[in-house]
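Here is the structure we will look at.
The values are calculated or read from the model by the stated rules, or taken from the named source; none is laboratory data. In this text, all values refer to a predicted model and were calculated from it rather than measured experimentally. Note that each Cβ is placed from the backbone with ideal geometry, even for glycine, and that neighbours are counted across all protein chains shown.
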Amino acid sequence: MRLFRKSPDISLATPRPITADDLTAVSRLLRDGGRRYYGLSGSDLPAILARGQGMALVGAGELLAVALVSQPTGTTCWLRGVAVAESGDARPAIAALLPPLHQALAARGVRSLYYAGDDGADHWLAPALVAAGYTVDTEVVVYEKSAPDIPAAGNPAVVVRPGAPADLEAVLRIDRASFEPHWTKDDTVLGPAIAYGPYFMVAELDGGPVGYAYATTHFGGRLVHLVRIAVDPRHRGEHIGVRLLADVVTYAADMGATTITLNTQAYNTHAQRLYRWFGFVATGERQRVLRGSLPS
């Protein structure tokens, strides 16, 4: 039994790329490992393993640690899952995993690997990443709103309608134009959101998509989380973001939600001015985003 066996010697373990055959072992490690960070949905895992998006650390025929990453976007990528079998100091395992992971990603043209932690993982994973040379890139700040008031309805010429799968290409184009590469969302996120999400609205002007808003609901509809609001940069200043945000607040009120939350980068002062004008208040919660520079 694991309870009575000697902890493995990480220095004798061997790193290797993950494969589809690792599904059972990786699933077990992400569920039962002593240290775990998992920023994925269960349906994402098979595709990540099949594409070899990660590195495993193997010793004595056993998976001792694993690091999973997102599909690269340009020269950037995100850590999406990290697990270590032992519950003690995770730094040796992370130090053994990262160099081969970095090298594999660099061979694919990736130059920066990002991590945004959570309350459960940040106390053990962030220090291990910092020890490996990761630095703070920015912080994500949290805003919330409880009152259903709307200061303005936005551009009356803008039509806000439910998104459809046929909108995916236009939505991806707007997203790529609106955000830095490491903040964009790909078709694996936006495709299901359009098809199955509780709230995904497209803003149209002169018959063409110029923005979108995507929100999720929680706690039986009592909380609405605004995941994303984006406006084509060519149409900024035309009150399209106001139009979309007003629709989100109206949707939340119709749902009977008592709170709307959202996250944004600390440096995105333009968006924060809009949110504060709409009655959103900063909660004081801040999440560090770390960046690792990969070898060229």
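All but one of (1) surrounded by fewer than 21 Cβ atoms within 10 Å (Cβ to Cβ); (2) free of Cβ contacts under 8 Å to residues at least 40 places away in the same chain; (3) part of a strand (DSSP E or B) hold for residue 89; state the number of the condition that does not hold.
That leaves (3) as the condition not met.
Give me a count of the residues in region 229-286 that are surrounded by 14 or more Cβ atoms within 10 Å (Cβ to Cβ), without any contact (Cβ under 8 Å) to a residue 60 or more places away in the chain and not in a loop (DSSP other than H, G, I, E, B).
9
For residues that are part of a helix (DSSP H, G or I) and touching a strand residue (DSSP E or B) at 6+ places or on another chain (Cβ under 7 Å), tally how many sit in region 39-61. Steps first, please.
Here is the first cut: in region 39-61, the residues part of a helix (DSSP H, G or I) are 42-50.
Subset that is touching a strand residue (DSSP E or B) at 6+ places or on another chain (Cβ under 7 Å): 48.
Matching residues across region 39-61 total 1.
Evaluate the following for residue 203: is it at pLDDT 95 or above and either closer than 24 Å to residue 70 by Cβ or not assigned by TED's automatic domain parsing to the domain that holds residue 279 (or both)? Step through it out loud before you land on a result.
On the way: at pLDDT 95 or above: yes; either closer than 24 Å to residue 70 by Cβ or not assigned by TED's automatic domain parsing to the domain that holds residue 279 (or both): no.
No; evaluated as a whole, the condition is false for this residue.
Considering (1) closer than 25 Å to residue 80 by Cβ; (2) surrounded by fewer than 14 Cβ atoms within 10 Å (Cβ to Cβ); (3) more than 16 Å from the chain's Cα centre (by Cα), say which one residue 224 fails and leave the rest.
Failed condition: (2).
Testing residue 36 on (1) farther than 24 Å from residue 107 by Cα; (2) more than 21 Å from the chain's Cα centre (by Cα); (3) modelled with pLDDT of 90 or more, one condition comes back false. Which one is that?
That leaves (2) as the condition not met.
Since residue 26 meets every condition but one in (1) surrounded by 19 or more Cβ atoms within 10 Å (Cβ to Cβ); (2) in contact with a Ser or Thr (Cβ under 8 Å, 6 or more places away or on another chain); (3) over 22 Å from residue 191 (Cβ atoms), which condition does it not meet?
Unmet condition: (2).
Checking residue 212 against (1) surrounded by fewer than 20 Cβ atoms within 10 Å (Cβ to Cβ); (2) within 21 Å of the chain's Cα centre (by Cα); (3) in a strand (DSSP E or B), which single condition isn't satisfied?
Of the numbered conditions (1) surrounded by fewer than 20 Cβ atoms within 10 Å (Cβ to Cβ); (2) within 21 Å of the chain's Cα centre (by Cα); (3) in a strand (DSSP E or B), the odd one out for residue 212 is (1).
Inside region 277-292, can you point out the residues that are out of contact with any Phe, Trp or Tyr (no Cβ under 8 Å at 6 or more places or on another chain) and modelled with pLDDT of 95 or more? Outline the logic, then answer.
Of region 277-292, the ones out of contact with any Phe, Trp or Tyr (no Cβ under 8 Å at 6 or more places or on another chain) are 277-279, 284-288.
Those that are out of contact with any Phe, Trp or Tyr (no Cβ under 8 Å at 6 or more places or on another chain) and modelled with pLDDT of 95 or more: 277, 278, 279.
Please work out which one of (1) at pLDDT 95 or above; (2) of a type outside the set (Lys, Arg); (3) within 28 Å of residue 130 (Cβ to Cβ) is the condition residue 252 fails and give its number.
(3)
From the set of residues in region 35-69 that are under 20 Å from residue 291 (Cβ atoms) and in contact (Cβ under 8 Å) with a residue 60 or more places away in the chain, which is surrounded by the most Cβ atoms within 10 Å (Cβ to Cβ)?
Restricting to residues being under 20 Å from residue 291 (Cβ atoms) and in contact (Cβ under 8 Å) with a residue 60 or more places away in the chain, the top hit is 37.
If you take the residues of region 113-169 that are of a type in the set (Phe, Trp, Tyr) and assigned to a loop (DSSP other than H, G, I, E, B), which of them is surrounded by the fewest Cβ atoms within 10 Å (Cβ to Cβ)?
Going residue by residue through region 113-169, those that are of a type in the set (Phe, Trp, Tyr) are 114-115, 124, 134, 143.
Still in the running and assigned to a loop (DSSP other than H, G, I, E, B): 124, 134.
Values: 124: 21, 134: 23.
Applying the filter and picking the extreme gives 124.
Applying the selection to region 240-267, what residues are within 17 Å of the chain's Cα centre (by Cα) and within 26 Å of residue 74 (Cβ to Cβ)? If you could, list the steps in order and put the result at the bottom.
So in region 240-267, the residues within 17 Å of the chain's Cα centre (by Cα) come out as 261-266.
The answer is 262, 263, 264, 265, 266.
Here is a list: 148, 181, 162, 156. Which entry is closer than 16 Å to residue 197 by Cα, of a type outside the set (Lys, Arg) and in the same structural domain as residue 237 (by TED's automatic domain parsing)?
162
Kindly indicate the residue of region 176-209 that is of a type in the set (Ser, Thr, Tyr) and surrounded by fewer than 17 Cβ atoms within 10 Å (Cβ to Cβ) and also nearest to residue 164 (Cα to Cα) among those meeting that condition.
Going residue by residue through region 176-209, those that are of a type in the set (Ser, Thr, Tyr) are 178, 184, 188, 196, 199.
Subset that is surrounded by fewer than 17 Cβ atoms within 10 Å (Cβ to Cβ): 188, 196.
Values: 188: 15, 196: 10 Å.
Here the residue is 196.
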